[in-house]
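See below for the structure under consideration.
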Amino acid sequence: MKIFQHIRIPAVWAVVAAVLAVSSCEDPREEEAKFLVNRQTQDSTFEMAPEGGDFPLYVECDAEWNYTFKTQVNWLSVKNQQVNSNSWMLTLTAPEHSGNTPRSVVLVFTSGERVREVTVQQTPEDPIIQVTVPGAYGVDGGDRVYERSETQISRLTDGDRFYFSLLYPADVRAVTVSVPSALEAGTSVPLGYKVVEKDRTLVMTEYTAAKVLKIKEPYVWLKVSDTVYFVIKK
């Protein structure tokens, strides 16, 4: 004959067991998540645009915190503004980077024993941006650029395509660059290049990926490679 014995567990021990079970399921990163810099719980990198300007960097912390430059630089300034009880926005300000090599600095954030490092980087503008004469450079048949006395400019939007042309009336020649009508700096787009003289097509090339380096009205800089690039007016 089997005898089953019921054992009563005091209510207090049941509560303790429940608390321990909940504690064991807590995310061990919860404490870390209370000190976020650049929305990260670890070291991170912050990229600044070559043209400079003001850029926000956010800090979230549940205790006192501070920051310092690992090495002092004269090209970056920081302004601190509290958003609410445990959030701050740091405004990083830098001028246009007109040098030839990337520059960077490390900001060290501390709160008690917690440390976060943010590397702020700024890459100089591509040298192609210095070219302001509209035209096609490094292309088949040689450079085709705007010359005031010999060239006219035509600009046409047709649906989702934009056509920029250099017209040479004396030669009855047209050099046309076609790109999507909607362009955004930093993206890559398909680009068509065509040279027509009278009724003959001399050059017709389709580039699958031309990077939109910069848009500054009315100019747009598009780069296929270090040697093949286009400057158009939109």
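What follows is calculated from the coordinates using simple rules that are stated; it is not laboratory data. Just so it is clear, the structure is predicted and the values come from calculations on it, not from any experiment. Here Cβ is always computed from backbone atoms with ideal geometry, including for glycine, and neighbour counts include all displayed protein chains.
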Going fewest to most other Cβ atoms within 10 Å around each Cβ, ARG144, ARG114, ARG155, ARG200 line up as ARG200, ARG155, ARG114, ARG144
With a ≥ b ≥ c from the Cα gyration tensor eigenvalues, square-rooted, and the rule rounded for a/c under 1.5, otherwise prolate when a/b > b/c and oblate otherwise, the chain is prolate
The extension gain from ASP43 to SER87, computed as 0.36 nm times the residue separation minus the Cα-Cα distance, is 14.0 nm
Burial-style ranking of 183-190, 208-215, average other-beta-carbon count within 10 Å with highest first, yields 208-215, 183-190
For 216-226, 96-106, ranked highest to lowest by mean beta-carbon neighbours within 10 Å, the order is 216-226, 96-106
If each K or R counts +1 and each D or E counts -1, the residues other than VAL179 whose Cβ falls under 13 Å of its Cβ total +3
Counted neighbours (other Cβ, 10 Å), sorted fewest up, put SER181, SER154 in the order SER154, SER181
Most exposed to least, judged by fewest other Cβ atoms within 10 Å, ARG148, ARG173, ARG116 sort to ARG148, ARG173, ARG116
Among ALA63, PHE164, GLN81, the residue whose Cα sits farthest towards the positive end of the charge dipole of the chain, when +1 is placed on the Cβ of each Lys and Arg and -1 on the Cβ of each Asp and Glu, is PHE164
Helix-only [θ] at 222 nm, the chain, -39500 (n - 2.57) per DSSP H run of 4+, per residue, nearest 500, equals -2000 deg cm²/dmol
With +1 at each Lys and Arg Cβ and -1 at each Asp and Glu Cβ, the charge dipole magnitude of the chain around its Cα centre, to the nearest 20 debye, comes out at 320 debye
For the stretch 32-122, the dipole about the Cα centre with charges only on Cβ (Lys and Arg +1, Asp and Glu -1), to the nearest 20 debye, works out at 100 debye
Given pairs LYS79/LYS216; LYS34/LYS79; LYS34/LYS214; LYS194/LYS214; LYS34/LYS223; LYS194/LYS216 and cut-off 32 Å on Cα-Cα distance, the over-length ones are LYS34/LYS214; LYS34/LYS223
Given 227-234, 51-58, the highest-first ranking by average Cβ count within 10 Å works out to 227-234, 51-58
About its Cα centre, the stretch 149-234 carries a charge dipole, from +1 on Lys and Arg Cβ atoms and -1 on Asp and Glu Cβ atoms, whose size in debye to the nearest 20 is 160 debye
With x for Gly and Pro, the residue-by-residue ³J(HN,Hα) of the stretch 88-93, computed from phi through the Karplus equation 6.51 cos²θ - 1.76 cosθ + 1.60 at θ = phi - 60° and given in whole Hz, is 9, 10, 9, 9, 8, 10
One finds the C-alpha centres of the stretch 135-174 and the stretch 65-101 to be spaced, in Å, by 44 Å
Contour minus Cα-Cα span, SER154 to THR187, at 0.36 nm per residue, comes to 9.4 nm
